[in-house]
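Participant: The structure that follows is given in the form of structure tokens.
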Amino acid sequence: MRITEVGRRIDMRCILAVKQSSGLFSITAMSEEQIPAYAFNDNGKTFLQLFIHKDSAETRKLSAILSRPDMVEKKSYYSVTERVNNVKEMKILSELLEISSVVMNNTYLMGDELFLDFRYHHSRKDRVNSALSSLIGVSDNVRIVKLGRSEGLRERMEEIDRETPLTMVQFSVPVPKDSPSIERIVMDYPDTVGEIESRRMTDKGVRALLHTSKPMKIKGVEEVSEKDCVYEAYLFEKAFMEGRKRGNESRVPRIAYFITLEDGRLFDTTFVPTAEAEEYVSILMSMAREFGEGAPILESYTPLCDDILEWL
């Protein structure tokens, strides 16, 4: 199957806005632009890493942030990290990611609100609703911006690209010989498309939504919807895991991340903000120098365009 064929199987979309306060958020409140953000946990504390593009018309309003001693300057953007104080409200992110089929589309800051844009399968709407009900109407800091049917991959990527230009990075690795789940998928379900939620990584691997053309019966794979042929599992492959780990450590946002099989190799297709794409490719190249046999091979590196969305 092609990646674009499975784009509507995870058919529900929700956007939450979580109000932030204090620190740099009082400064970003003056900005009217979307600021790409990466939410992460470190030693039980929640942080946001912001990416401010150098060509942004709002940089003057954000000059107080750019003068901070912890500001990191890259070729095309500035980056700064801030601790999130409203921990209770931000727990919604980890709670949602514990629900099967939930996958994040995008996170960004606009004004003093962090927007969490995620999708999920309609069979899990009761669990999503339960998580939302713990805060909506209880906390003034959380609001629902949108909830309804999800668009396809093309529409989602083009929507994000209008605010934050995207680049597609694709690399491949040999099929691993030490992963029974992947070997079974390659043997019995070779047309599977895996969509990865890279914010959840464990020793078992990365969490993946598996889209198949027929019902899947593999030990350790959770059924999301037999009718829609959607499943969920943790997949382990050394290069993919290391790439996710290094990308997370560098706080490179990944908007969408897919795994497919072609000519006996696993292909990783990832959409990243163009401003951070060069750093992401540098991470992959560092792995190519270190891994030797089994090292990732860069297959494609190109800004988002109609041609890309046509052949995926």
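Participant: Would you give the gap between the C-alpha center of the range 168-232 and the C-alpha center of the range 249-312, rounded to a whole Å?
Facilitator: Here the answer is 18 Å between Cα centres.
Participant: Return one number: the angle in degrees, 0 to 90 and rounded to the nearest 10, between the long axis of the Cα atoms of helix 87-97 and the longest principal axis of the Cα atoms of the chain.
Facilitator: 20 degrees
Participant: What is the set of long-range amide H partners of N105 at a cut-off below 5 Å, with H atoms built 1.01 Å from backbone N?
Facilitator: The answer is D117, F118, R119.
Participant: Which order results if L298, L93 are arranged by neighbouring Cβ count within 10 Å, fewest first?
Facilitator: Sorted ascending by nearby Cβ count, the order is L298, L93.
Participant: Longer than 21 Å from Cα to Cα, which of K177/K214; K177/K238; K61/K88 are they? Say none if no pair is.
Facilitator: Result: K177/K214; K61/K88 exceed 21 Å.
Participant: Contact order normalised by length for the range 163-311, with contacts defined as Cα pairs under 8 Å and 6 or more residues apart; what percent is it?
Facilitator: 36 percent
Participant: Please report Y120, Y231 as a ranked list, fewest other C-beta atoms within 10 angstrom at the top and most at the bottom.
Facilitator: By the 10 Å Cβ count, ascending, the order reads Y120, Y231.
Participant: With Cα Rg over 2.2 N^0.38 Å defined as stated, name the option among [x] 0.98; [y] 1.26; [z] 1.10 computed from the structure displayed.
Facilitator: The value computed from this structure is option [x].
Participant: Report the relative contact order of the range 85-182, percent, no decimals, based on alpha-carbon pairs under 8 angstrom and at least 6 residues apart.
Facilitator: That works out to 19 percent.
Participant: Between M241 and E293, 0.36 nm times their residue separation minus their Cα-Cα distance comes to what?
Facilitator: Here the answer is 17.1 nm.
Participant: Next question, about the same structure. If I take every Cα pair under 8 Å that is 6 or more residues apart in the chain, average their sequence separation and divide by the length, what percent do I get for the relative contact order?
Facilitator: It comes to 22 percent, rounded to a whole number.
Participant: Working from Cα positions, state the angle (0 to 90°, nearest 10) between the long axis of helix 153-163 and the longest principal axis of the chain.
Facilitator: Relative to the chain, helix 153-163 is tipped by roughly 30 degrees.
Participant: Another question, if that's okay. Efficiency by 1/(1 + (r/R0)^6): what FRET value for K75 and S213, r their Cβ-Cβ distance, R0 = 41 Å, to the nearest 0.05?
Facilitator: Once the sixth-power term is evaluated, E becomes 0.45.
Since every read-out is calculated from the coordinates, none of them should be taken as a lab result. This one's a predicted model, so the numbers in the text were calculated from it and none came from an experiment. Every residue, glycine as well, gets a Cβ built from its backbone with ideal geometry; the counts of neighbours run over all protein chains shown.
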